[in-house]
Each structure stands twice: as structure tokens, then as C-alpha cells.
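Engineer: Before I ask anything, here is the structure I am working with.
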Amino acid sequence: MSDPLSDRFLELSTGKASFAGGQHIFNQDDAITRLYHVRAGAIHLVRYQADGNVAVLQRALPGMVLGEASVFSSRYHCDAVAVTNSEALVIPVNSVRRLLRSDHVFAEAWASYLSHQLQQARKRAEIASLKTVAARLSAWLAWNDGLLPSKGEWKSLADEIGVSAEALYRELAKRGKFFSHETS
């Protein structure tokens with residue numbers, strides 16, 4: 001994230017919050033009172049599908065804003081779940097709204113950040129449109145410089161590309177991706 005956003009979020013922060021892996025941070029339809037600037041860990045925005053699958057809408061990593069699409073909403077549109085132990089700055093959403101109206105440098109940095117997030121969402125949509133596990137994994141690897149996450153995060157990767165963990169593991173085994181240097 002660009003410096004104007006990070007600097008201002010630090011100024012606006014009312015403190016830090018820590019989340020254990022698996023912990024829900026907010027749920028769909030909760031009232032929006034805060035955003036989170038992720039400092040450590042990984043947090044997913046998710047929707048639970050009728051068939052039991054999880055659709056990952058965002059994988060928020062350090063430097064990213066969790067809940068940014070909800071700045072002008074009254075309720076969250078999905079759930080937020082910490083994938084790993086995570087830490088975030090807590091930012092009152094009303095402070096962000098005021099700053100967007102009064103600080104053009106911040107507003108421009110925010111627009112740039114949202115543009116980047118939209119590009120990422122389009123990439124995820126492109127992956128979701130692919131029919132096979134192999135094609136989805138290949139596309140994901142293409143946008144992530146061919147780097148596979150650690151073995152402990154493969155379930156999250158499966159959720160992110162919209163396949164079962166077992167199907168992903170089978171595809172990785174076909175590709176010989178169980179080497180220790182790629183799973184550490």
C-alpha cells in the first residue's frame with residue numbers, strides 16, 4: 001500500500017487487534033464500524049455457498065485493507081476469517097469517510113488502492129471461470145510468479161481458486177510440487 005494511506009491509517013488507528021487462525025473478525029450483515037489495515041498474517045473475506053464450499057473474495061495480506069468495499073455501506077457483505085494468526089490496525093470507518101471528503105491526497109491514494117484491488121478481483125474472477133483444477137492452478141501460479149505458498153496454506157489456496165483441497169493436492173502431486181524447498 002502506498003505511504004499516504006499507511007501513514008494516515010496509522011494516525012487514524014484506535015489500536016491493534018490480534019486474531020487467531022480460524023477466528024471470525026466480522027460476519028456478513030454485521031454493522032460496519034471499522035476497517036482493518038492488516039499488519040501481519042492472512043485474512044480472507046469469504047462467502048459460504050449453499051453447497052458448503054467457501055468462495056474467497058479477498059486474501060488480505062500485510063499492507064492491505066480488510067473491508068475496503070464497505071466504506072460506504074452500512075453492513076458487511078461477507079465474512080472475514082483469519083487464515084493464520086494475524087494482526088491489524090483498527091480504523092474507525094467514519095474517520096476514513098471524513099478523510100475521503102477532506103484530503104485529496106488521501107482520496108487519490110485510496111482510489112489508486114481500490115483500482116489495484118479491482119484488478120485483483122478480476123484476476124480471481126478469471127481463475128474462477130476456468131474449468132479444470134490444472135487450469136486454475138496454472139493461472140494462479142502465473143499471477144503469483146510461479147511461487148506456491150507454504151504447505152500449511154494449501155487449503156487456503158484451494159479455497160482461493162475454488163477447488164477442493166483434495167483436488168488441489170492431487171494436481172500438485174501430478175506436478176511434483178511436494179519438494180521440501182517449495183513446502184517450507
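Engineer: Please give the net charge around Ser129, taking every other residue with its beta carbon less than 13 angstrom from that of Ser129, where Lys and Arg add +1 and Asp and Glu add -1.
Structural biologist: +4
Engineer: Can you grab the distance from the C-alpha centre of region 102-157 to the C-alpha centre of region 1-64, Å, no decimals?
Structural biologist: 15 Å
Engineer: Ignoring ligands, DNA and RNA, what percent of the 1.4 Å accessible area of the chain is carbon and sulfur?
Structural biologist: Details: 4890 of 9640 Å².
It is 51 percent, rounded to a whole number.
Engineer: Hey, got the dipole for the chain? About the Cα centre, +1 on K and R Cβ, -1 on D and E Cβ, debye to the nearest 20?
Structural biologist: 280 debye
Engineer: Need the list of aspartates and glutamates near Lys174 for cross-linking: C-alpha distance under 16 angstrom, and skip anything on the same chain fewer than eight residues off.
Structural biologist: Glu166, Glu182
Engineer: Here is a further query. For region 29-184, report the accessible area per residue in Å² (1.4 Å probe, heavy atoms, rounded to an integer).
Structural biologist: Details: 7990 Å² over 156 residues.
With all protein chains present, region 29-184 gives 51 Å² per residue.
Engineer: Under the Kirkwood approximation for Rh and a Cα-based Rg, what ratio Rg/Rh is obtained for the chain?
Structural biologist: That ratio is 0.99, to two decimals.
Engineer: So what's the Cα pair-distance distribution over region 89-169, bin width 5 Å, in %?
Structural biologist: Result returned by the calculation: 3, 13, 18, 17, 11, 9, 12, 11, 5, 1.
Engineer: For n ≥ 4 DSSP H runs only, could you compute -39500 (n - 2.57) per run for the chain, divide by its residues and tell me the 222 nm figure to the nearest 500?
Structural biologist: -13500 deg cm²/dmol
Engineer: Report the net charge of residues surrounding Ala88, where surrounding means a beta-carbon distance below 10 angstrom and charges are Lys +1, Arg +1, Asp -1, Glu -1.
Structural biologist: Cβ neighbours under 10 Å give a net charge of +2.
Engineer: Further question: At 1.567 mPa s and 4 °C, plugging the Kirkwood radius over alpha-carbon pairs of region 1-76 into Stokes-Einstein gives what diffusion coefficient in µm²/s?
Structural biologist: 95 µm²/s
Engineer: Among Gln49, Leu114, Leu61, whose Cα projects farthest towards the positive end of the dipole of the chain, with charges put on the beta-carbon of Lys, Arg (+1) and Asp, Glu (-1)?
Structural biologist: In the chain, that residue is Gln49.
Engineer: Add +1 for every Lys or Arg and -1 for every Asp or Glu among the other residues with Cβ under 10 Å from the Cβ of Pro4, and state the total.
Structural biologist: -3
The values are calculated or read from the model by the stated rules, or taken from the named source; none is laboratory data. Worth saying up front: this structure is predicted, and the values here are computed from it rather than measured. Cβ coordinates were reconstructed from backbone atoms using ideal geometry, including for glycine residues, and neighbour counts include every protein chain displayed. Heavy atoms of the whole protein, side chains included, go into the accessibility calculation; ligands, DNA and RNA do not. Shrake-Rupley method; radii C 1.70, N 1.55, O 1.52, S 1.80 Å.
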